[in-house]
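Okay, structure first, notes after.
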């Protein structure tokens, strides 16, 4: 069954690449050993109808630019942090599972977890979805097993590690070995951090350096035993700029990703923005020409709404919108490959 699923996923990828103009790999079909006589086939036999294979038209048009690096970090929440509610009012009596947070934090950067994360996607997609940073620390100490008081861990994280399937691969291994149950809150980095600031998370796994540093500066993070700093960066992949195979803006031919974004704006071609202050949204904002003045605030793109769509939702939903609207979109490569393999359907 696993081999069949892998074959179907690989076929989806080949068809999607073919839609973007990439040549499909050559195949050779051996002729059958015997051929039935023509007269043995009734003249009234109706042609066999096959259901057409859905092919995602949205393609990767620009990647491998240095400005498209996407780094993931884990941070443990400080129990003594100045927690606030959604209105900014102080919140008291916040109870954090620091022991459980330490265990998951330490395991995520253990060799066992790094090996799983580094190999994730290769068998299914023929490509790494995540890479282990060369300078990532590797935790070799003991990891505490769960107790009745520490068995539930709340992880606040970004949609990319969730929608790509990475957490579904990692967490069951951790839970089975150490006895914990990990409750996952998945949203954009901004919302995931805000959730932690309300005291609703024991640790965060996100991908926006500036927001992570602000989280630390505001007193919300702590140093976990065995590490030297509050923030541990251990995985990375790349953002990719995607769009319709026809590529009316000429994104694929642009010299840099900044030139590609300028071409989209100049031609007023539909662009789907996360619009949710996520790590992807933060990266996208940094790539537009400065003179456009696009920020996370709605007023900054009020004059561009004929082509700039601020969706305020997750990566999977935004990819579906881009496909349906024939628009351009910035996404992490892991979620995009999952989107293609699922024929454009994201749960």
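The values are calculated or read from the model by the stated rules, or taken from the named source; none is laboratory data. Here the structure is a predicted model, which is why all the values come from computation and not from measurement. A quick note on method: Cβ atoms are made from the backbone with ideal geometry, for glycine too, and the neighbour counts reach across all protein chains shown.
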*asked:* Which count do you get for residues in the stretch 245-264 that are without any contact (Cβ under 8 Å) to a residue 40 or more places away in the chain, in a helix (DSSP H, G or I) and either more than 30 Å from residue 205 (Cα to Cα) or not assigned by TED's automatic domain parsing to the domain that holds residue 336 (or both)?
replied: 4
*Quickly run through the stretch 227-244 and pick out the residues that are assigned to a loop (DSSP other than H, G, I, E, B) and either within 17 Å of residue 324 (Cα to Cα) or touching a helix residue (DSSP H, G or I) at 6+ places or on another chain (Cβ under 6 Å) (or both).*
230, 244
*Within the stretch 85-107, track down each residue that is surrounded by fewer than 22 Cβ atoms within 10 Å (Cβ to Cβ) and under 28 Å from the mean Cα position of the chain (by Cα).*
85, 86, 98, 99, 107
*With the condition kept exactly as written, say whether any residue in the stretch 328-339 is within 22 Å of residue 251 (Cα to Cα), in a loop (DSSP other than H, G, I, E, B) and out of contact with any strand residue (DSSP E or B) (no Cβ under 8 Å at 6 or more places or on another chain).*
no
*Within the stretch 308-326, how many residues are closer than 22 Å to residue 258 by Cβ, without any contact (Cβ under 8 Å) to a residue 60 or more places away in the chain and either part of a helix (DSSP H, G or I) or assigned by TED's automatic domain parsing to the domain that holds residue 215 (or both)?*
1
*Would you list the helices (runs of 4 or more DSSP H) that sit entirely within the stretch 77-162 and hold 2 or more residues that are modelled with pLDDT of 95 or more and within 25 Å of residue 314 (Cβ to Cβ)?*
98-108, 111-119
*Would you check if residue 295 is modelled with pLDDT of 95 or more and touching a strand residue (DSSP E or B) at 6+ places or on another chain (Cβ under 8 Å)?*
no
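Let's see how each residue does on (1) without any contact (Cβ under 8 Å) to a residue 60 or more places away in the chain; (2) under 14 Å from residue 56 (Cα atoms):
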| position | (1), (2) |
| --- | --- |
| 270 | yes, no |
| 278 | no, no |
| 291 | yes, no |
| 301 | yes, no |
| 306 | yes, no |
| 328 | no, yes |
| 333 | no, no |
| 341 | no, yes |
*Can you tell me which residue within the stretch 205-244, out of those that are free of Cβ contacts under 8 Å to residues at least 24 places away in the same chain and closer than 24 Å to residue 273 by Cα, is surrounded by the fewest Cβ atoms within 10 Å (Cβ to Cβ)?*
214
*asked:* Among (1) within 30 Å of residue 321 (Cβ to Cβ); (2) part of a helix (DSSP H, G or I); (3) in contact (Cβ under 8 Å) with a residue 24 or more places away in the chain, there is one condition residue 173 misses while meeting the rest; what is its number?
replied: (1)
